[in-house]
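Trainee: Structure below; questions to follow.
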Amino acid sequence: MIDIWLEQRRDGVEQGEVEIRGFVDAVLAGTVAPAQIGAWLAFVMIRGMTPAETVLLTKAMTASGTTLSWPGIEGPFVDKHSTGGVGDKVSLVLAPLWASLGKRVPMLSGRGLGITGGTLDKLEAIPGYRTDLPQQQLHEVLAEVGCFISGQTPDIAPVDRILYATRNETGTVPSIPLITASILSKKLVAGLDSLILDVKAGSGAFMKTKAEAQALADSLVEVGNGAGCKTSAVITDMSQPLGVAVGNALEVEESIATLAGDGPADLVDLVVELSGMGDTARAQLQSGAALPVWHKMVRAQGGNPDAKLLGGGCQQVDFLACASGRVQACDAEGIGRAAFRLGAGRQRAADSVHHGVGLRVLAKVGSEVQAGQVLAELFHCGNGLDEARNLVEQAYRIG
Ligand code: URA
């Protein structure tokens, strides 16, 4: 089968549904040797896939496991996906905001890896919050609350997990069609009417340049629409952290403040933009009207919305400006690494994270600071403080 694929691609023949579905089915059944999967991925990485082929791959990967539907619940069913960044807590705000405005948000999210935080890790900072709800309970929460944020169970797009493991081993992760199919297959299982993609560009993002982010956004939009879901994308800045808080519990706190009408301006602006509801969404945030939906969602998923999130043995250390001037850089990658050193992130998928540690970056690009002023607050639990402090020092440029 791989030979036919390679030959046809060399001759410029597009793969059809039978070939692509056949490959995905065989991967799922375990009848394709890992080396052959690696060869196939390498070929895609070098030669690419047409949008039509990527649509077929996405659909086949979506159909490789359980798909969700919401009988008895009136839509529209909407969701957002971010390619990941430092301090990106948009999902925590946007899901209850949308639900409070009549949309239904079946949000399946992932965990963080490296310097990029994961939505599930943040939510698990809330005592009792369950990210592994079974399908029946997801249905009940969606009907009752209007939104849920839960994890991708092993039966969702299982072929993505198999392909991703081999992509990691074969250096084929950066292929745009493979990223596209991977991201969309896991989102489209939720029976969405529309999906907005936040493709981040900058030092703290997967895509470092705007051109790379644009190429991924174009592919995601074309393939998402081709697969039958109304899909759009925005490219947003990840050269500095989003908002002030970086770290799991800290980001939950900031999300709650944002839902209460007291969020940082860059976070509020991005949530409003991604909501697609303009002034209505802004007014809803300012009024705090979406906050009860957050409380309801947390409770419905087993969490205690009134629990104290910070403290828990962590100590606060302030990082001070050593000169006066304007903040020229607060490098997202450096701040993300600092949070990682403190224990907020994980190196490997199986590692655990420390929910209480992280940073608050009080001075962002463009602000005027005085020598001795607090630029950042570091919350540590005894690990990585010196390294984190050095990273924060390198991340800030004041001129
Ligand atoms: N996120 C995914 O889910 N898949 C990729 O391939 C890359 C980022």
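Trainee: Which three semi-axes in whole Å describe the equivalent ellipsoid of the stretch 127-218, each the square root of 5 times a Cα gyration tensor eigenvalue, listed largest first? List each step's numbers first, then the result.
Mentor: Working: eigenvalues 158, 59, 33 Å².
Semi-axes, largest first: 28, 17, 13 Å.
Trainee: Enumerate the calculated ³J(HN,Hα) couplings along the stretch 123-140 in order (Karplus 6.51 cos²θ - 1.76 cosθ + 1.60, θ = phi - 60°), each rounded to whole Hz, writing x wherever the residue is Gly or Pro.
Mentor: Ordered by residue, 3J(HN,Hα) equals 5, 6, 6, 8, x, x, 5, 9, 10, 10, 5, x, 4, 4, 6, 4, 4, 5 Hz.
Trainee: Let me ask another. For the chain, report the accessible area per residue in Å² (1.4 Å probe, heavy atoms, rounded to an integer).
Mentor: Numbers: 16160 Å² over 399 residues.
Counting only protein heavy atoms, the per-residue value for the chain is 41 Å².
Trainee: Among residues other than Glu253 whose Cβ falls under 12 Å from its Cβ, what is the net charge (Lys/Arg +1, Asp/Glu -1)?
Mentor: +1
Trainee: Something else: Show me, for the stretch 100-117, the HN-Hα J-couplings you get by feeding each phi into the Karplus relation (A = 6.51, B = -1.76, C = 1.60, θ = phi - 60°), rounded to Hz, glycine and proline as x.
Mentor: Calculated HN-Hα couplings, in order: 5, 9, x, 7, 10, 10, x, 9, 9, 10, x, 9, x, 9, x, 7, 8, x Hz.
Trainee: Loop-only check: which trypsin sites (Lys or Arg not before Pro) in the stretch 308-357 are DSSP coil with at most 11 other Cβ within 10 angstrom? Don't jump to the answer; show the numbers that get you there.
Mentor: Working: sites: Lys308, Arg326, Arg337, Arg341, Arg346, Arg348; in loops: Lys308, Arg346, Arg348.
When the trypsin sites (Lys or Arg not before Pro) of the stretch 308-357 are filtered for loop state and at most 11 Cβ neighbours within 10 Å, Lys308, Arg348 remain.
Trainee: For the chain, what does the relative contact order come out to in percent, with C-alpha contacts under 8 Å and a separation of six or more? Could you put the intermediate results ahead of the total?
Mentor: Values: 831 pairs, mean separation 78.3, N = 399.
Reported relative contact order: 20 percent.
Trainee: When all C-alpha to C-alpha distances in the stretch 313-393 are sorted into bins of 10 Å, what percent of pairs does each bin hold, rounded to whole numbers?
Mentor: P(r) over the stretch 313-393, rounded to whole percents: 19, 49, 24, 6, 0.
Trainee: Which percentage, to the nearest 5, of the DSSP beta bridges contained in the chain is antiparallel? Display every interim value, and only then the final one.
Mentor: Working: 18 of 38 bridges.
Restricted to the chain, the bridges split so that about 45 percent are antiparallel.
Trainee: Given a 10 angstrom Cα cut-off, can you work out which residue in Ser352, Ser232, Ser82 is the most mobile in a GNM of the chain?
Mentor: Between Ser352, Ser232, Ser82, it is Ser352 that shows the largest mean-square fluctuation.
Trainee: Looking at this model, which pairs from Lys89/Lys208; Lys122/Lys364; Lys200/Lys296; Lys122/Lys200; Lys80/Lys210 are more than 27 angstrom apart at the alpha-carbon?
Mentor: Numbers: Lys89/Lys208 20 Å; Lys122/Lys364 22 Å; Lys200/Lys296 30 Å; Lys122/Lys200 19 Å; Lys80/Lys210 20 Å.
Violating the 27 Å Cα-Cα cut-off are Lys200/Lys296.
Trainee: Continuing with the same structure: If the viscosity is 1.306 mPa s and the temperature 10 °C, what Stokes-Einstein diffusion coefficient in µm²/s follows for the stretch 65-122 when Rh is the Kirkwood radius over Cα pairs? All intermediate terms of the calculation are to be shown ahead of the outcome.
Mentor: Working: Rh = 12.8 Å.
So the translational diffusion coefficient is about 125 µm²/s.
Trainee: A follow-up question, please. Cα-based Rg of the chain per 2.2 N^0.38 Å, rounded to two decimals? Don't jump to the answer; show the numbers that get you there.
Mentor: Details: Rg = 21.5 Å, N = 399, 2.2 N^0.38 = 21.4 Å.
After normalising by residue count via 2.2 N^0.38 Å, the value is 1.00.
Trainee: Give me the percent of Cα-Cα pairs in the stretch 263-384 that sit more than 23 Å apart, rounded to a whole number.
Mentor: Details: 3936 of 7381 pairs.
Of all Cα-Cα distances in the stretch 263-384, 53 percent exceed 23 Å.
Trainee: A further question on this structure: Nearest 500 deg cm²/dmol is fine: what mean residue ellipticity at 222 nm does the chain get from its DSSP H runs of n ≥ 4 alone, each adding -39,500 (n - 2.57), divided by its residue count?
Mentor: Details: 16 runs with 183 residues, N = 399.
Computed mean residue ellipticity for the chain: -14000 deg cm²/dmol.
Trainee: Then there is this: Largest first, please: the extent of the C-alpha atoms of the stretch 279-340 along each principal axis, to the nearest Å.
Mentor: Reported extents, whole Å, longest axis first: 46, 38, 19.
Trainee: Leaving ligands, DNA and RNA out of it, report the carbon-plus-sulfur percent of the accessible area of the chain at a 1.4 Å probe.
Mentor: Working: 8160 of 16160 Å².
Percent of accessible area from carbon and sulfur atoms in the chain: 50.
Trainee: HN-Hα J couplings of the stretch 191-197 from phi, Karplus 6.51/-1.76/1.60, θ = phi - 60°, integer Hz, Gly and Pro as x?
Mentor: x, 7, 8, 8, 9, 10, 10
Trainee: If you add up the charges near Asn168, with Lys and Arg at +1 and Asp and Glu at -1, over every other residue whose beta carbon is less than 14 angstrom from its beta carbon, what do you get? Walk me through the numbers on the way to the answer.
Mentor: Working: positive: Arg161, Arg167, Arg348; negative: Asp160, Glu169.
Once all neighbours under 14 Å are counted, the net charge is +1.
The values are calculated or read from the model by the stated rules, or taken from the named source; none is laboratory data. This one's a predicted model, so the numbers in the text were calculated from it and none came from an experiment. Because the Cβ atoms are built from the backbone with ideal geometry, glycine has one as well, and the counts that use them run over all protein chains shown. These accessible areas exclude ligands, DNA and RNA; they are computed on the full protein's heavy atoms, side chains included. Shrake-Rupley method; radii C 1.70, N 1.55, O 1.52, S 1.80 Å.
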